[in-house]
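The next block holds one structure in the form of structure tokens; read it before the comments.
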Amino acid sequence: MYDYLIIGNGICGLSAAEEIRKNDDKGSILILTDENGHTYWRTRLSELIAKDYTDEEILVKKETWYGERKIEVKLNTHAEKIDKENKKVISKDGEEFEYGKLLIATGSRAFVPPIKNADAKGVFAIRSSEDLKNFKAYLANKKKLIIIGGGILGLEAANSISQLGIEITIVEAFDYLLARQLDKDLSQKLEKALNDMGMKTLTGKFSEEILVKDGAVCGLKLTDGTELEADAIMIQAGIRANIDIAKNSGLATDRGILVGENLQVENEDIYAAGDVAQIGNFSIGLWTASMEMGKIAGANMTGDNKLYEKPKPFSTLMLGDIKLFSAGQNAGDGIEEVKKEDGEKIYKLFKNSDKFVGGILWGDIKYQMDVKKIVFEGIDPKETKLGGEIFGL
């Protein structure tokens, strides 16, 4: 019997194990994972498309770290079902693992929209280091790639792949790129910058069918009838939580596994955290949020009662000469824009009546902490360097 059993070895599961060990130096800890290696920097996958690397280089913690802390890890093990009454986890192979406290940190998988032939050879949705290796191997000698999805991950991947000399076309369903992070004005500026870097962009376009020839991808047909040529297609259309184990075990689920703010499931000795957890109607798929949730779940499994606070939305994108930072809201009824330009640098704050609700920095992102304070903490812009040095308040 393990005092603490963790399913999933992403950053959430690892953070939980680390926190448990800080609070309990004696209890036995086991991490079960589908992966064939230890926790790695998933956030670096896009950047690694254009680089050679070893598995060892991308590990968050070296193998010795686990041994020193007596944290046991069982790789290549798919946990399929939880027997709540007998406090056991049953693997796909029928192995049983008894637990005192259990954390489900199974993360998420890439979402593939219902496009015809989405399962064809040459279509990739990258979510793991294994996906990345298969993608890199397939790209060798390829000339043209289409990326479906113009979010931050799609753009980071596009930038990496373009460094390999491959022709890139980005297809985005929204009317403009990064619609959640940018206003239309700066999105068009971003699109022009990407085009100047040699990447093609098509916005407001929906994919209908992946075209196949001789069993492999040869292009993409859009709903407006346009046909684009491609040797490979990458889909970056968001994520879906891995909730199968919860469904198989009679736990309450929606988009994710339903938990309270303390990340506990239905007053059981079971917790869920990271991409797979849903608090009320809220779920999030961010590395930083998963790390924070893992720490809170780990602390609570050892007897604490910490609550997870919904994070404030902000984003950073750095591609070549493109540098931008965005926080909060930049569109909607009653929102006014306050703007300053300094050559290529643009600074924007967004107001709703007398409250600042959003901000975007373009070309100079050193004031991002000021933007967060103004937008998330309600600090008067006059009390910040951004307000004084840029807006002259």
Just name the residue that is nearest to Ala50 (Cα to Cα) out of those in segment 293-330 that are crowded, with 23+ Cβ neighbours inside 10 Å and out of contact with any strand residue (DSSP E or B) (no Cβ under 7 Å at 6 or more places or on another chain). Gly294
Determine which single condition Ala110 fails, assuming it passes every other condition in (1) in contact with an Asp or Glu (Cβ under 7 Å, 6 or more places away or on another chain); (2) within 25 Å of Lys295 (Cα to Cα); (3) surrounded by 18 or more Cβ atoms within 10 Å (Cβ to Cβ). (1)
From Asp25, Asp93, Asp34, residue being open to solvent by 50 Å² or more (accessible area, probe 1.4 Å), under 21 Å from the mean Cα position of the chain (by Cα) and not aliphatic (A, V, I, L, M): Asp34
Step by step: first the residues of segment 107-129, then only those that are outside any loop (DSSP other than H, G, I, E, B) and within 21 Å of the chain's Cα centre (by Cα), then the one that is farthest from Ile49 (Cα to Cα). Which residue is that? Ser108
In segment 275-289, how many residues are open to solvent by 10 Å² or more (accessible area, probe 1.4 Å), in contact with a strand residue (DSSP E or B) (Cβ under 8 Å, 6 or more places away or on another chain) and either within 11 Å of Thr253 (Cα to Cα) or modelled with pLDDT under 95 (or both)? 3
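Can you find even one residue in segment 375-392 that is open to solvent by 20 Å² or more (accessible area, probe 1.4 Å) and touching a Pro at 6+ places or on another chain (Cβ under 7 Å)? Outline the logic, then answer.
Narrowing segment 375-392 to residues open to solvent by 20 Å² or more (accessible area, probe 1.4 Å): 376-380, 382-383, 385, 388-392.
Restricting the remaining residues to those that are touching a Pro at 6+ places or on another chain (Cβ under 7 Å) gives 391.
Yes, that holds for at least one residue.
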In segment 1-50, which residues are assigned to a loop (DSSP other than H, G, I, E, B) and touching a residue at least 60 places away in the same chain (Cβ under 8 Å)? Met1, Gly8, Asn9, Gly10, Asp24, Gly27, Glu35, Asn36, Gly37, Ile49, Ala50
Those strands (runs of 3 or more DSSP E) lying entirely in segment 212-311 with at least 3 residues assigned by the TED database to the domain that holds Lys22 and over 30 Å from Asn117 (Cβ atoms): 257-259, 270-272, 277-279
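Could you please let me know if Ile335 is among the β-branched types (Val, Ile, Thr), over 30 Å from Gly260 (Cβ atoms) and touching a Leu at 6+ places or on another chain (Cβ under 9 Å)? Step through it out loud before you land on a result.
On the way: among the β-branched types (Val, Ile, Thr): yes; over 30 Å from Gly260 (Cβ atoms): yes; touching a Leu at 6+ places or on another chain (Cβ under 9 Å): no.
Answer is no for this residue.
With the requirement that a residue be open to solvent by 50 Å² or more (accessible area, probe 1.4 Å) and of a type outside the set (Phe, Trp, Tyr), what does segment 158-192 give you? Can you show your working first?
The initial filter retains those residues of segment 158-192 that are open to solvent by 50 Å² or more (accessible area, probe 1.4 Å), namely 163-165, 167, 174-175, 180, 184-185, 188-189, 192.
Answer for segment 158-192, where residues must be open to solvent by 50 Å² or more (accessible area, probe 1.4 Å) and of a type outside the set (Phe, Trp, Tyr): Gln163, Leu164, Gly165, Glu167, Asp175, Arg180, Lys184, Asp185, Gln188, Lys189, Lys192.
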Taking Glu85 and the conditions (1) in contact (Cβ under 8 Å) with a residue 12 or more places away in the chain; (2) open to solvent by 10 Å² or more (accessible area, probe 1.4 Å), which numbered condition does it fall short on, given that it satisfies the others? (1)
If Arg240 satisfies every condition in (1) surrounded by 14 or more Cβ atoms within 10 Å (Cβ to Cβ); (2) among the charged types (D, E, K, R); (3) more than 18 Å from the chain's Cα centre (by Cα) but one, which is the exception? (3)
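Please pick out the residue among Glu261, Glu208, Glu229, Glu266 that is open to solvent by 40 Å² or more (accessible area, probe 1.4 Å) and without any contact (Cβ under 8 Å) to a residue 40 or more places away in the chain.
Values: Glu261 fails: without any contact (Cβ under 8 Å) to a residue 40 or more places away in the chain; Glu208 fails: without any contact (Cβ under 8 Å) to a residue 40 or more places away in the chain; Glu229 fails: without any contact (Cβ under 8 Å) to a residue 40 or more places away in the chain.
It is Glu266.
Suppose we filter Asn141, Asn195 for residues that are within 25 Å of Ser315 (Cα to Cα), surrounded by fewer than 21 Cβ atoms within 10 Å (Cβ to Cβ) and over 18 Å from the mean Cα position of the chain (by Cα); which single one remains? Before you say what the answer is, go through the steps one by one.
Numbers: Asn141 fails: within 25 Å of Ser315 (Cα to Cα).
Answer to the check: Asn195.
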Tyr40 passes all but one of the listed conditions (1) crowded, with 18+ Cβ neighbours inside 10 Å; (2) within 25 Å of Lys247 (Cβ to Cβ); (3) not charged (D, E, K, R); the exception is number (2)
Looking at segment 43-63, can you tell me whether even one residue there is surrounded by fewer than 21 Cβ atoms within 10 Å (Cβ to Cβ) and more than 30 Å from Ile161 (Cβ to Cβ)? yes
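Taking the condition touching a helix residue (DSSP H, G or I) at 6+ places or on another chain (Cβ under 8 Å) and either in contact (Cβ under 8 Å) with a residue 40 or more places away in the chain or acidic (Asp, Glu) (or both), does Ile243 pass? Outline the logic, then answer.
Details: touching a helix residue (DSSP H, G or I) at 6+ places or on another chain (Cβ under 8 Å): yes; either in contact (Cβ under 8 Å) with a residue 40 or more places away in the chain or acidic (Asp, Glu) (or both): yes.
Here the answer is yes, as Ile243 does meet what is asked.
The values are calculated or read from the model by the stated rules, or taken from the named source; none is laboratory data. The structure displayed is predicted, hence computed values, not measured ones. Cβ sites come from the backbone with ideal geometry, for glycine too, and all protein chains shown count toward neighbours. When the accessible area is computed, the model is the full protein with side chains, heavy atoms only, and any ligands, DNA or RNA have been set aside. Shrake-Rupley method; radii C 1.70, N 1.55, O 1.52, S 1.80 Å.
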